[in-house]
Amino acid sequence: MKRFFTLQEARAALQTIRPWVAEILDIRRSILESRPEVWPVIEKSMGNGGSQAASRLVVGFERLEALVERIRELGVLIKDVNTGLLDFPSLRDGRQVYLCWRYGEDDIRYWHDVDAGFAGRQPIQ
């Protein structure tokens with residue numbers, strides 16, 4: 001069953017989720033920074049046992065996957081892992097909408113229709 005958040009519930013959940021998103025973005029940055037070192041190793045090691053650099057990358061991916069799953073288990077949608085964009089399903093005037101938050105914003109201050117996306121964000125009043 002789909003969960004719908006009130007604004008207060010979404011804000012409370014955000015207090016738990018915010019550090020997870022920070023860690024996701026940090027892991028993402030680390031993975032991208034390691035590309036020059038790791039990608040050639042991965043190509044060479046496909047059949048011969050790997051390396052420490054590749055092992056670190058796997059650990060990063062596993063942690064990222066675990067954090068994403070934690071967020072999803074709460075009923076929150078991850079819309080963009082690159083920017084930390086999250087949507088909290090909610091109801092507004094009897095229809096489903098999303099309360100929208102992006103990493104770096106201090107609070108959930110926007111909502112949008114389900115089909116509008118980030119470009120359709122409107123201030124919560």
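The values are calculated or read from the model by the stated rules, or taken from the named source; none is laboratory data. Everything numeric here is computed off the predicted structure, so don't read it as measured data. Reconstructed Cβ throughout: ideal geometry from the backbone, glycine too, with neighbour counts over all protein chains shown.
Only residues that are within 10 Å of the chain's Cα centre (by Cα) and either on the phi > 0 side of the Ramachandran plot or in contact (Cβ under 8 Å) with a residue 60 or more places away in the chain (or both): list them for region 93-110, please. Can you show your working first?
Step one: filter region 93-110 for residues within 10 Å of the chain's Cα centre (by Cα), giving 102-103.
Within region 93-110, just Tyr103 meets the criteria.
If the condition is being touching a Leu at 6+ places or on another chain (Cβ under 9 Å) and at pLDDT 95 or above, then region 13-38 contributes Ala13, Leu14, Thr16, Ile17, Trp20, Val21, Glu23, Ile24.
Note on region 67-78: residues that are more than 19 Å from Gly120 (Cβ to Cβ) and either surrounded by 13 or more Cβ atoms within 10 Å (Cβ to Cβ) or touching a residue at least 40 places away in the same chain (Cβ under 8 Å) (or both) total 6. Reported count of residues in region 79-92, each being within 18 Å of Glu9 (Cβ to Cβ) and either touching a residue at least 60 places away in the same chain (Cβ under 8 Å) or surrounded by fewer than 18 Cβ atoms within 10 Å (Cβ to Cβ) (or both), is 6.
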